[in-house]
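Since the structure comes first, as structure tokens, the remarks are kept for the end.
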Amino acid sequence: MGEVRQDKNEGDRWIQHYCSSHQILLVGEGDFSFAASLARKFGDAVNMIATSLDSKDDLIRCYPFAKTNLKELEDCRCSVLHDVDVHTMVSHPLLLSKSFDRIIFNFPHSGFYFKEDHWLQIFFHVRLVSGFFKSAVDMLTENGEIHITHKTANPYSKWEIEKLAEEVGLYLLEKVPFVIFDYPGYVNRRGSGDRKAETFLVGQCSTFKFALNLAGEFIHLV
């Protein structure tokens, strides 16, 4: 649970796919509990920028532990930004000159408008993820990775996020099962609607790791 390994040669601290020497951008944070989980393991999170679509006031009003998580991030020297839209973040004045080794978006969701298997609901989700990829791809270092944690069962598989990534010049490095207990303190939130602070059953889900297709070659995704 929450595996952390220490690189004795460089002094790096790891938690799963993330290292204290990575420049990390987290987007779409709910109550910032995932960012806080990473920061807690790193000890010093000066390498991290964590962002939310919500304003700070809305976060504190909606999420019971948001204020505590934000204080922990501040103590760990993590930069926190609010009102950040994943579609336009590439032009955000505080992100313009930065490149990242890891860009993380956990359980992207466009909001609750229809049932999850309704074609319009799927369209909204696809539009969200597609816009995120278009912005994020220009914010990666040469060897950087974009990580999306996403449910893989029907109807979520209909988003076809591998194809959306391919459209902007990314390819799938690997897909690994996501285990929420690997990130102590992380509580996933609905993030939208009247019950936005409620958690949800993650069920069958994976972390998709995408990287730049620098060769410009067609890569068949299986």
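Read the figures in this text as sums done on the coordinates, not as results from a lab. What you see is a predicted model; the values in this text were computed from it and never measured. Glycine also receives a Cβ, built like all others from the backbone with ideal geometry; neighbour counts cover every protein chain displayed.
Since only A45, I24, F124 are under comparison, the one whose Cα sits farthest along the positive direction of the charge dipole of the chain, derived from C-beta charges on Lys, Arg, Asp and Glu, is F124.
Distance between the modelled labels on S99 and Q204, one decimal in nanometres: 3.9 nm (7 Å Cα→Cβ projection). Were the residues from K71 through S157 laid out at 0.36 nm apart, the gain over their Cα-Cα distance would be 27.3 nm. When only Cα pairs below 8 angstrom with a gap of at least 6 residues are kept, region 13-87 shows a relative contact order of 36 percent. Summarising the label geometry, the points placed 7 Å from Cα in the beta-carbon direction at E167 and D12 lie 3.3 nm from one another. With a Förster radius of 35 Å applied to the C-beta separation of N213 and D44, the computed FRET efficiency comes to 0.55. Extending 7 Å from the Cα toward the beta-carbon at both N143 and S110 defines two label points whose distance is 3.6 nm. The magnitude of the dipole of the chain, with charges of +1 and -1 set on the Cβ of Lys/Arg and Asp/Glu and taken from the Cα centre, is near 460 debye. Computed over the chain with a Gaussian network model linking Cα atoms closer than 10 Å, the most mobile of P177, P93, P108 is P93. A Förster radius of 25 Å combined with the Cβ-Cβ distance from H82 to R127 puts the calculated FRET efficiency at roughly 0.65. Among the trypsin sites (Lys or Arg not before Pro) found in region 62-153, those both in a DSSP coil and sparsely packed, with 14 or fewer other Cβ atoms within 10 Å of their Cβ, are R77, K98, K115.
Helical runs assigned H by DSSP (4 residues or longer) give the chain a calculated mean residue ellipticity at 222 nm of -7000 deg cm²/dmol, each run adding -39500 (n - 2.57) before division by the residue total.
Could you tell me which of the pairs K151/K209; K67/K209; K41/K71 are separated by over 23 angstrom between their Cα atoms in the structure shown? The answer is K67/K209. Once the chain from D57 to W119 is taken as fully extended at 0.36 nm per residue, the excess over their C-alpha distance is 19.0 nm. Note on region 146-192 and region 37-58: Cα centroid distance 19 Å, given to the nearest whole angstrom.
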